[in-house]
Amino acid sequence: MFHYDNGLKITRAGLGVDVRRRQQRGFVSHAHADHMARHEWAYATPATAALYRHRLGPKLAVREMPYRKPLELGSVELTTYPAGHCLGSAMLLADDGQERLLYTGDFKLGESLTAEAAELPTADVLVMETTFGSPRYRMPPREVVIEQLLEVIHTAFAEGKTPVVHAYALGKSQEVTAILARHGLAVLQHRDIAAISQVYETQGASLGNYATYSGHPPAEHVVVTLPRSMKGFRLAGLGSVVSIGVTGWAIHPSTQHRLGVDVALPLSDHADFDELLEVARRVEPRRIYTTHGPPGFDQHLREAGFDAVPLVPDRQRRLFA
């Protein structure tokens, strides 16, 4: 069904899956840079296709794969399902008539205002992203984190300061904007973020009351900008600020210092440790391959009764030799 060649390949379909180098055919699970390349033909959901073209070039060739509508490719039936990670994010189910393989890509099981809720078909083989595959990464309830975010923002307003949220340009920035707008707050976005938000809007994801930052924040506006690690995150005219980082990594106490922010809050767009185990239970696979996570999560899966191994090149060479 599949092999590993510096990236996951659906063999009979001739399809690279989230491979970061150019492929004749490449499935793009979502439009974050670490999952994309300028493929001869990209395969993606309509929303991911729009974001992919926005980020890499408007003339790129894309075969759109709406959720739950099977596509036949090389005698393999391919179907996308929502992944809950960001707008357009998709899991990929490959069925060759003998075996069903589910590739999760980046995913989250919890609520999102800007991504369709994750759906999990059953499969014989599960290739799962395990970013937070350590027991230390158990996220607090989303509503608790949102309450903390709102408290920090309103305290900043009371002190005459501008709350500045640092978030990835695609996904987290739009989710934060939608959350704040739902709670009656006005948002000003970095121009790069606003350009992506406009694509969200064209794809039917309404974000609420936001505009592009133009050089001076009016009173009681929240500014959303890029992470401090990214070039161009600085915005002129902000005055005195309270900087806020929003990431699942904020579970770790060093995150605030590492990100260089005043407050770090664990608002995540990835499944936490317990959700990863829940996915394995719901998919009911015979075998699991883990990827993009800490060493040892496969051991947690084996302790839970699953046949699990890491998806790494050396291991794959032994498995398929």
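Overview of values
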{"read-out": "Residue identified as in contact with a helix residue (DSSP H, G or I) (Cβ under 7 Å, 6 or more places away or on another chain) and either at pLDDT 95 or above or farther than 21 Å from Lys108 by Cβ (or both) among Arg258, Arg287, Arg228", "value": "Arg228"}
{"read-out": "For Glu275: the one exception among (1) in contact (Cβ under 8 Å) with a residue 60 or more places away in the chain; (2) outside any helix (DSSP H, G or I); (3) out of contact with any helix residue (DSSP H, G or I) (no Cβ under 7 Å at 6 or more places or on another chain)", "value": "(2)"}
{"read-out": "Strands (runs of 3 or more DSSP E) fully within region 8-54 counting 3 or more residues that are touching an Asp or Glu at 6+ places or on another chain (Cβ under 9 Å) and not polar (S, T, N, Q)", "value": "25-27"}
{"read-out": "Conditions (1) surrounded by 19 or more Cβ atoms within 10 Å (Cβ to Cβ); (2) over 26 Å from Ala83 (Cα atoms); (3) touching a helix residue (DSSP H, G or I) at 6+ places or on another chain (Cβ under 8 Å); (4) of a type outside the set (A, V, I, L, M, F, W, C): number failed by Thr247", "value": "(2)"}
{"read-out": "Glu119 being part of a loop (DSSP other than H, G, I, E, B), surrounded by 14 or more Cβ atoms within 10 Å (Cβ to Cβ) and within 17 Å of the chain's Cα centre (by Cα)", "value": "yes"}
{"read-out": "Among the residues listed as Asp274, Asp262, Asp269, the single one being among the acidic types (Asp, Glu) and in contact with a strand residue (DSSP E or B) (Cβ under 7 Å, 6 or more places away or on another chain)", "value": "Asp262"}
{"read-out": "Of all residues in region 1-38 being among the polar types (S, T, N, Q), surrounded by 14 or more Cβ atoms within 10 Å (Cβ to Cβ) and out of contact with any Ser or Thr (no Cβ under 8 Å at 6 or more places or on another chain), the one that is farthest from Leu78 (Cα to Cα)", "value": "Gln23"}
{"read-out": "Failed item in (1) over 18 Å from the mean Cα position of the chain (by Cα); (2) under 25 Å from Ala83 (Cα atoms); (3) among the basic types (Lys, Arg), with Lys161 passing the rest", "value": "(2)"}
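The values are calculated or read from the model by the stated rules, or taken from the named source; none is laboratory data. Being a predicted model, the structure only gives us computed values, none of them experimental. As a convention, Cβ positions derive from the backbone with ideal geometry for all residues, glycine included, and neighbour counts pool all protein chains shown.
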